[in-house]
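Peer 1: If you scroll down you'll find the structure; I have some questions about it.
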Amino acid sequence: MKKILLITITLIGLSSFLTLPAVAAPKWSIPDGIKTIDVNGYDMAYQETGSGIPLVLVHGSLTDYRTWNAQVPDFSKAYRTISVSLRHYYPEKWNGIGDDFSITQHASDVAALIKNLNLGKVHLLGHSRGGAVVLHVAKLYPEVIRTLILEDAAGMESILPDSSESKTLAAKGAEIRKALRANIAGGDMDKAAREFTDGWNGPGSWEKLPAATKQMVLDNLGTGIAIDERPKISCADIQNFTFPVLTLTGERSPKRYGETYGAMRQCKPDIPAPLIVPNATHTMHGANLGNPGFFNKVVLQFLNQH
C-alpha cells in the first residue's frame, strides 16, 4: 500500500513539474557588470557607475555603452553615470529586421529608462546619432532634462539655411549611411565598418582604432541595415529648451556640425558657441581619434556649474 501511495505521489509530482510554465531563457547574453531594465517592452542594457546627480550617456551609430570607456572613470567620481545601449545595439546581435528602430523609438526608450529608474532630472549627453536621440528626448520629454550636452549632434539638418552649401552638408550623412547599407548587403563587413568610420572621422581613421573598438563597431553593424527615420527638430523646438545646453565639435569634425550649431544659435542666441575639442575628429571622446582628456575636463566643468 505504501509503495502504491509513493508511486502515486511521485507521478502527481512529476505531472505537476511537467505542467509548470517554462522559465524563459535570456534573449541574449548580458556581459558581467551590465544591468538591464524593461523599457517599452525591450530589455535595455546599461552600465551604471558612481553616485550623485545622474548623468546619462547616449552613444552614436555602430557603437554602444562601451564607447564611453574613457569617460566613465572620470565622470563617475562625481556623478551617477549611466551609459546605455540603445534598442537593438550590443549586447543584442540584431539582424536589422523589424520596424522599431528609429530616433523617436530610441528617445522614448531613453526617457522611459530615466523614469523607470526614478532618476528625476538628468544631465543628458548624446554623440552624433545619439545627439539626435537626446534632442528628441528634450523636445518630447523636457521634464527629465537637467542639462543637455550635444557632441557633434545629428538631427538638426532641417534648421540649416536653404542654400546649396547647406544641402550638400545635409546630404553627406545620407550618402555615408547609404554606402554603409550597400556594403553590408554585399557582405563585406570590414569594408562597411572602415568606410563608415573613415567617412565621419577622416581617411585612415579605421586603421588607428584599437582592436576592441573595431570589434564594438562590428558588433553593431546589424543596426546599419535599418532605414533610419530622421524626424525634424524645428527652431520652435529649440526655443522651448529651458535648460542649459553645451555643444561640442572636434577640430577635425565634418563641417556640417559647426554649421548646424550656428543655425541652432540663430534660433536661440543664449546657447553658447560650441567648444572646439583640439586635435580631435568626430569621435572626440575616443582615445585614438579624439582628445578624451580635454573632452572630459570641459564636460565636467559644465556639469559642475549646473
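Read the figures in this text as sums done on the coordinates, not as results from a lab. Keep in mind the model is a prediction, meaning the values are calculated, not measured. Note that we place each Cβ from the backbone using ideal geometry, even for glycine, and neighbour counts take in every protein chain shown.
Peer 1: Given Cβ point charges of +1 (Lys, Arg) and -1 (Asp, Glu) and nothing else, what value in debye, to the nearest 20, does the dipole of the chain about its Cα centre take? Walk me through the intermediate numbers first.
Peer 2: Working: 31 positive and 29 negative charges, 106 e Å.
Result for the chain is approximately 520 debye, rounded to the nearest 20.
Peer 1: Would you be so kind as to identify which of Gly155, Ser253, Asn95 lies farthest towards the positive end of the dipole of the chain, taking Lys and Arg as +1 and Asp and Glu as -1 on Cβ and the Cα centre as origin?
Peer 2: Farthest along the dipole direction, towards plus: Asn95.
Peer 1: Could you tell me which of the pairs Lys115/Lys232; Lys214/Lys297; Lys232/Lys297; Lys93/Lys191; Lys172/Lys208; Lys121/Lys297 are separated by over 28 angstrom between their Cα atoms in the structure shown? Mind showing how you got there, number by number?
Peer 2: Working: Lys115/Lys232 24 Å; Lys214/Lys297 26 Å; Lys232/Lys297 31 Å; Lys93/Lys191 19 Å; Lys172/Lys208 23 Å; Lys121/Lys297 22 Å.
In this structure, Lys232/Lys297 exceed 28 Å between Cα atoms.
Peer 1: Would the range 168-306 count as rounded, prolate or oblate if I go by the C-alpha gyration tensor, calling it rounded below 1.5 in a/c and otherwise prolate when a/b exceeds b/c, oblate otherwise? Before the final figure, lay out each step's value.
Peer 2: Numbers: a/c = 2.25, a/b = 1.43, b/c = 1.57.
Oblate shape, in that a/c is at least 1.5 and b/c is the bigger or equal ratio.
Peer 1: Pick out, from Ile276, Ile227, Thr242, the residue whose Cα sits farthest towards the positive end of the charge dipole of the range 199-300, with +1 on the Cβ of Lys and Arg and -1 on the Cβ of Asp and Glu.
Peer 2: Checking the options against the dipole of the range 199-300, the answer is Ile276.
Peer 1: Once the piece of chain linking Lys178 and Gln301 is laid out straight, how much longer is it, given 0.36 nm per residue of separation minus the C-alpha distance between them? Please list the in-between numbers first.
Peer 2: On the way: separation 123, 0.36 × 123 = 44.28 nm, distance 3.77 nm.
Here the answer is 40.5 nm.
Peer 1: Okay, next question. In nanometres, what is the gap between the two model label sites at Asp32 and Thr49, each 7 Å from Cα along Cα-to-Cβ?
Peer 2: A separation of 1.6 nm, rounded to one decimal place.
Peer 1: While we're on this one: What order do you get for 66-72, 176-182, 86-92 when each peptide is scored by the mean count of other beta carbon atoms within 10 Å, highest first? Show your work: numbers first, answer last.
Peer 2: On the way: 66-72: 21.1, 176-182: 16.4, 86-92: 24.1.
So the peptides 66-72, 176-182, 86-92, ranked by packing, come out 86-92, 66-72, 176-182.
Peer 1: Related question: Looking at (i) 21.2; (ii) 20.5; (iii) 21.7, which value of Kirkwood radius over Cα pairs in Å comes from a calculation on the structure shown?
Peer 2: Computed from these coordinates, Kirkwood radius over Cα pairs in Å corresponds to label (ii).
Peer 1: Select from Ala78, Val39, Ala263 the residue farthest towards the positive end of the dipole of the range 35-305; place +1 on Cβ of Lys and Arg, -1 on Cβ of Asp and Glu, and compute about the Cα centre.
Peer 2: Highest projection toward the positive end goes to Ala78.
Peer 1: May I pose another question? In the neighborhood of Tyr46, defined by Cβ-to-Cβ distances under 11 Å, what is the net charge if each Lys or Arg adds +1 and each Asp or Glu adds -1? Each step should come with its number before you reach the end.
Peer 2: Details: positive: Lys35; negative: Asp43, Glu48, Asp64, Asp109.
Once positives and negatives cancel, what remains is -3.
Peer 1: Provide the net charge surrounding Pro203, with neighbours chosen by a C-beta distance below 15 Å and charges set as Lys +1, Arg +1, Asp -1, Glu -1.
Peer 2: On the way: positive: Lys172, Lys191, Arg194, Lys208, Arg252; negative: Glu195, Asp198, Glu207.
Cβ neighbours under 15 Å give a net charge of +2.
Peer 1: What list of ³J(HN,Hα) values in whole Hz, one per residue of the range 90-100 in order, does the Karplus curve 6.51 cos²θ - 1.76 cosθ + 1.60 (θ = phi - 60°) give from phi, with Gly and Pro shown as x?
Peer 2: So the J values, rounded to whole Hz, are 3, x, 5, 9, 8, 9, x, 8, x, 10, 10.
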